[in-house]
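Beneath this line is the structure, given in structure tokens, with notes to follow.
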Amino acid sequence: MTPLCLAIDMGIQSAGTPRPVPVFYHNSPPLSTKRERIRNTPADRNPASIRRLALTTPSVSRFRQRSELRTRRPVFISYFNKKTDVLAHSRSYDFTSSDTYFDQCFTVQKQLGEGSFGEVFSVVCKDDMKPYAIKRSIEPYKSLVDRETKLREVEKHQALSRHPNLVHFVRAWEERGFFYIQTELCDRSLDQYIVDTPDCTVSEPKLWGLFFDMLQGIEFLHSRDFIHVDIKPDNIFLTTDGHCKLGDFGLMIDLKKDKIVLAEEGDSKYLAAEVLNGVPSKSSDIFSLGVTILEVASGLDLPSHGKGWTMIRNKNIPDHFLKGLSPELVHIINQMIDPNPDARPTARDLLKHRRFKHLNLNLEIEPEPETPTECKRIFSSSSPPPFTFSVSNPKVITTRCGETVPAEFSGRARTRFSMKKVGKLDFSKIE
């Protein structure tokens, strides 16, 4: 035995640098509040991601060149027929400029957020001087499959009629391979709101009102056989008057049309356990909302995996996290996060709770939009016009003001025609 080994074996400390003392975390509590986590172990707030549901699509070679994916001129997207097509001219757009439609027609106030799928900006439209939110893809289309995946969010937006508890869609377009969605601008997300409060919670009286708004939006989706799939505080938005709106419909599923067999990246904190081994359902939306209410009411720092994640899905939540909450709110939360999807109440059932009876149920909802048709684009063989619009009727483009532009005009001839007609448009009628 060498002298060093002998010294260690006899318990004698060597003269070298002492080894670092290992730190073990197996005794750390599986659940904690947000404030405890921030105070004790500051860490990255980005949620762990798992694979999430997406629609099947055929494979496309990554080396195949798709020049049509990067058109220089803005292409407005629409899935409706000619009765709802809008030729959205802009007085601020100059087709001879090298700047994009986004840069020419909007003034960016600030960046609201950024993720793997895109970045969101608070902007002011130069035509009507109104504030909006615009989401832009973080990178150009990778393939035709990637483009179709992004365009599905537009289809889902346009398939919904306007509802006071859903974020209002304005328009969408693509340019130079990037994808843009313009929506109404809300004050902030629910996640931003609770982080700014002292205890990362919302008082129960206010919470019941937010709860009611969220149920109204979800019941509206479910009654039309849509599943949101991604309900969480990041996708719930507050208006300046304190109401809630559900947004971000990129993952929304149409039960009448979509077939789900694959998965993509997503947030595991709010997903029901059955979604990991199967497909989402309306009851999985209820679970996600239940976990959201639990987080907002208790200030619980939701785990993305591990023992704490399993405890929540088994309804094994320590009583001290629920201290101060009314028994009826705790009871509703337990119903919504029940491990058995069939045992969870529906949004319509929850809206019958006595707490919501005094709230105003007379919502102003616009009529259902017509069934979306296949999204098409108009191309010309010569140089592109300043705008190319996605419409379902290639013979004529109808403006909101009643003006029509024949589609047979192509290239520069059509450009001159469009620029001539633009002087007669009433911009105040364009949303």
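The values are calculated or read from the model by the stated rules, or taken from the named source; none is laboratory data. Bear in mind the structure is a predicted one, so any value in this text is a computation, not a measurement. Cβ atoms come from the backbone with ideal geometry, glycine included; neighbour counts cover every protein chain shown.
Points worth noting:
- Count of the range 170-192 residues which are assigned to a helix (DSSP H, G or I) and either over 17 Å from the mean Cα position of the chain (by Cα) or surrounded by 21 or more Cβ atoms within 10 Å (Cβ to Cβ) (or both): 1
- In the set (1) modelled with pLDDT of 90 or more; (2) within 25 Å of residue 356 (Cβ to Cβ); (3) not small (Gly, Ala, Ser), the condition left unmet by residue 241 is number (1).
- Residues in the range 160-177 that are touching a Ser or Thr at 6+ places or on another chain (Cβ under 8 Å) and aliphatic (A, V, I, L, M): 167, 170.
- Exactly one residue out of 324, 308 is over 29 Å from residue 225 (Cα atoms), outside any helix (DSSP H, G or I), in the same structural domain as residue 200 (by the TED database) and of a type in the set (Gly, Ala, Ser), and it is 324.
- Looking only at the range 113-128, residues that are without any contact (Cβ under 8 Å) to a residue 60 or more places away in the chain and assigned to a loop (DSSP other than H, G, I, E, B) come to 2 in all.
- Take the conditions (1) modelled with pLDDT of 95 or more; (2) crowded, with 19+ Cβ neighbours inside 10 Å; (3) touching a Leu at 6+ places or on another chain (Cβ under 6 Å); residue 123 misses just one of them, which is (3).
- Within the range 97-112, being outside any helix (DSSP H, G or I) and not acidic (Asp, Glu) holds for 97, 98, 100, 106, 107, 108, 109, 110, 111, 112.
- When residue 199 is tested against (1) farther than 25 Å from residue 351 by Cα; (2) among the charged types (D, E, K, R); (3) touching a helix residue (DSSP H, G or I) at 6+ places or on another chain (Cβ under 8 Å); (4) not in a loop (DSSP other than H, G, I, E, B), exactly one condition is not met: (4).
- Selection of the range 290-305 for residues being among the polar types (S, T, N, Q) and either at pLDDT 95 or above or not in a loop (DSSP other than H, G, I, E, B) (or both) yields 292, 298.
- Being in contact with a Gly (Cβ under 7 Å, 6 or more places away or on another chain) and either modelled with pLDDT of 90 or more or crowded, with 16+ Cβ neighbours inside 10 Å (or both) holds for only one residue in 201, 149, and it is 201.
- Residue within the range 174-183 that is in contact with a Cys (Cβ under 6 Å, 6 or more places away or on another chain) and of a type outside the set (D, E, K, R) present: no
- Scanning the range 265-289 for residues that are surrounded by 20 or more Cβ atoms within 10 Å (Cβ to Cβ), assigned to a helix (DSSP H, G or I) and within 18 Å of the chain's Cα centre (by Cα) yields a total of 9.
- In the range 222-253, the residues that are among the polar types (S, T, N, Q) and either farther than 17 Å from residue 210 by Cβ or within 9 Å of the chain's Cα centre (by Cα) (or both): 223, 235
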